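Here's the structure we're looking at; comments come further down.
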Amino acid sequence: MNALKQIAKFIFRHIEIPILSSLLFIKMVWFAQETGIYFLTKDRIMVNIGEVILLFSIVLLFSRVSRLLVLFFIGFIGSFIIYADLVYFRYFGDLITTPVLSHSSQMGDISSSITELMYIRDFRFFIDIILVLVAYIILKIKKVKQYLMWKERLALLAVGLIAGLYMTITPINNYTEEYGTNLFVNTWSNVSVYNVIGHLGFHVFETQKYVRDNIINSPTLAEGEAEKIREWFDEHHEKLDEKTEYFGTGEGKNVMMIQLESYQDYLLGQSINGKEITPNLNDLADNAYRFTNFYHQVAQGRTSDAEFLTQTSLYPLPTGSVYVRYPTNTYDSLPSYFKDYDYSTTVYHSYEENFWNRSVIYPNYGFDEFVGKGDFEPGEIAGPFETLGDEGVFRRMVNDNVAQQPFYSFVVALTSHHPYYNIPSKYYDLDTKPFDGTIFAHYLHSAHYVDYAVGQLVDKMKKEGLWENTVLVVYGDHDSGIEFTEKHAKALGMDTDPVSLKNVQDKVPFIIRIPGMEDQGRTFDQSVGMIDVAPTLLHVLGKEKNAYHFGNNMFDMEDHLVPFRYGGYKKGDIYYDASLDGEIENGSCYDVSEKTEIGVEECVEEAKRTREILRMSDAVLNHNLIEKFKAQE
Ligand code: GP9
Ligand code: MN
């Protein structure tokens, strides 16, 4: 009896801790329920409970009455974070991050409607906290005696910390053992990070990353460096102002830009077992301009880097994605340019709106509207993400566009994403022998489906009267991740030597159609890259704009340097493969037209220039220089 009494007393001494910590966990469940994020896996539940236990263990350092005050603060901070995330999610479909908080211009849009996003029922997030505060005040007034019981509290603290750590670390380890640590470097989606490391863990991780990158290792800008970069842009503007026969040929027309997922250039113009892989893109190229040496320049940000390159003509970061690190910087983006000329601007992507932080960066780019996963009508599902297939996305876009002219529409297509399965079987009409069953065969089929979708798009544009008044740009976002081998090249009737194979790897298609031009069908062979898309488009639209763009005008016919983010480059026929150790001399230099390796000394000068350009672009991003330059204008 005595023992039972002791136990009851012991429980009573600490009862508020399990109650309040459970309530905090319940608030996490409410958040997941309302946002529709799937929460019910063993690991997700465990990591969140583990973190709650860790947080509340701290309370044991305090004796009863003061403990209530600490509980109030801890409970308030925890509940406030979850609730703030919920309100933010109701608007942006994502969790709050430090860059967003520290650049509250983004919040400008939301602050006026913030009260609309808060409901009376949300009060439940704070009831327990208020009760704790009331209890504290009563006990204080009644001068209730505090007890110490140091040993008991320290023992409980030890148990709490061990259990909390175990429950937090185990699920994270389970994830990294299976998928590696890439997610924590690239953070392609806040929700993905949250799923792995829990709600509180996400904010701890995200804040430490922000502090590490922006405060502790804050990139420094040497004296006079900003001025030098500005001068570089001034000189570059003179170059961009040179007119060609294509200047202004698309003036006043609508613009549609289609970014195809993982689409390699080698798919175009090729057949497998007698059948064209991309008949519709080939037809399009015959009625447009095709650049046969267009390179992707993406880094770890993959699709987001490709978008960033073409929309802003700045280079992606060496690690992580700019979309995640600098979503609120000032950019001379294509949509913002179109806004200046009263175009409507819309972006389409049939996946989660918060993936790659798009819901934050797109409004900053100047898109009026982002049509994301939740906004499409149900239609034919295709691709590994099991979302609306590209065909449906294109159709929706054209339907919208008819009433939006002049428009700038940008589609981030998705169906042909790695690992290239889940294409409806009726589109499997290529004979992929001898690759049947391999990832390469799946890749060809999914590329073939996307080509079909492009064909449907063109037909619909014609039907809806958009074909003759719309500049159409189609390009691929990056390589397929499948090594292009001798066997593949042979099957497609392409060069099989090692230099050609290397050169093919990072090439993606680039086609631009300017209606009304007589010389359509022309191909351009000079080396160009994604960085050049925005300046080229502005040239075609006939605008002389001193935009802070690093790219060149692809129509000026010059052999410009095409830097790759890892330090390699392509210029004319010269391809430089940088070495991972960063020593320029340890890289390899090739003459692609001769299909041979040449002395590295031939590449040193341009390799240095490549680094210089990337360094300048990094400085522009790290110090938000475009905002500063514009303020000086
Ligand atoms: C999903 C898509 C992912 O939104 O952008 O593409 P990825 O970055 O993996 O190429
Ligand atoms: Mn991609």
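Every read-out reported here was derived from the displayed coordinates using simple, explicitly stated rules and does not represent laboratory data. Only a predicted model underlies this, so the values are computations on that prediction, with no experimental measurement involved. Every residue, glycine among them, receives a Cβ derived from its backbone with ideal geometry; neighbour counts consider all protein chains shown.
Each label point is 7 Å from the Cα along the Cα-to-Cβ direction; what then is the distance between the points at residue 583 and residue 602, in nm?
In this crude label model, residue 583 to residue 602 measures out at 2.2 nm.
Would you work out the charge dipole size for the chain about its Cα centre, treating the Cβ of every Lys and Arg as +1 and the Cβ of every Asp and Glu as -1, and quote it to the nearest 20 debye? Intermediate results must be reported in sequence, preceding the final value.
Working: 56 positive and 85 negative charges, 1002 e Å.
In total the dipole reaches around 4820 debye.
Please compute the modelled spin-label separation between residue 342 and residue 429, points set 7 Å along Cα→Cβ, answer in nm with one decimal.
For residue 429 paired with residue 342, the spin-label model returns 4.5 nm.
In the stretch 104-208, which chymotrypsin sites (Phe, Trp or Tyr not before Pro) fall in coil by DSSP and have 12 or fewer other Cβ atoms within 10 Å?
On the way: sites: 119, 123, 125, 126, 136, 147, 150, 166, 175, 179, 184, 188, 194, 202, 205; in loops: 119, 126, 147, 188.
Sites meeting the loop and neighbour criteria: 119, 147.
With N denoting the number of residues in the stretch 2-216, provide Rg(C-alpha) divided by 2.2 N^0.38 Å, to two decimal places. If you can, show how the numbers build up before the last one.
Working: Rg = 19.1 Å, N = 215, 2.2 N^0.38 = 16.9 Å.
So the stretch 2-216 has a normalised radius of gyration of 1.13.
In degrees, nearest 10, range 0 to 90: what is the angle between the Cα axis of helix 64-92 and the longest Cα principal axis of the chain?
30
On C-alpha positions alone, give me the angle between the axis of helix 16-35 and the longest principal axis of the chain, in degrees, nearest 10.
30
Mind ordering 213-223, 16-26, 276-286 by average Cβ neighbours within 10 Å, highest first? Intermediate results must be reported in sequence, preceding the final value.
Numbers: 213-223: 10.9, 16-26: 18.1, 276-286: 19.6.
So the order, starting with the most tightly packed, is 276-286, 16-26, 213-223.
Only helical DSSP H runs with n ≥ 4 go in: add -39500 (n - 2.57) per run for the chain, normalise by residue count and round the 222 nm mean residue ellipticity to 500 deg cm²/dmol. Each step should come with its number before you reach the end.
On the way: 24 runs with 304 residues, N = 633.
Calculated mean residue ellipticity at 222 nm is -15000 deg cm²/dmol.
How far is the Cα center of the stretch 139-165 from the Cα center of the stretch 384-399, in Å?
A separation of 57 Å, based on Cα centres.
Summing +1 for each Lys or Arg and -1 for each Asp or Glu, what net charge is found among the other residues whose Cβ lies under 14 Å from the Cβ of residue 74? Show your work: numbers first, answer last.
On the way: positive: 27, 67; negative: 16, 51, 128.
Summing Lys and Arg as +1 and Asp and Glu as -1 gives -1.
Tell me which of 4, 445, 123 sits at the most positive position along the dipole axis of the chain, charges placed on C-beta atoms (Lys, Arg +1; Asp, Glu -1).
In the chain, that residue is 4.
Report the trypsin sites (Lys or Arg not before Pro) located in the stretch 205-246 that are in a DSSP loop and have at most 16 other Cβ atoms inside 10 Å of their Cβ, or state none.
Numbers: sites: 209, 212, 228, 230, 239, 243; in loops: 243.
Sites meeting the loop and neighbour criteria: 243.
Under a plain spin-label model, where a point goes 7 Å from the Cα along Cα-to-Cβ, how far apart in nm are residue 380 and residue 235?
5.3
Once R0 is set to 60 Å, what does the formula 1/(1 + (r/R0)^6) return for the Cβ-Cβ distance between residue 145 and residue 217, expressed as a FRET efficiency to the nearest 0.05?
Numbers: r = 50 Å, r/R0 = 0.84.
Here the calculated transfer efficiency is 0.75.
Of 460/545; 239/543; 339/545; 243/571; 571/608; 426/487, which pairs sit farther than 25 Å apart, going by alpha carbon to alpha carbon? If you can, show how the numbers build up before the last one.
On the way: 460/545 33 Å; 239/543 14 Å; 339/545 14 Å; 243/571 22 Å; 571/608 13 Å; 426/487 27 Å.
Table pairs above 25 Å Cα-Cα are 460/545; 426/487.
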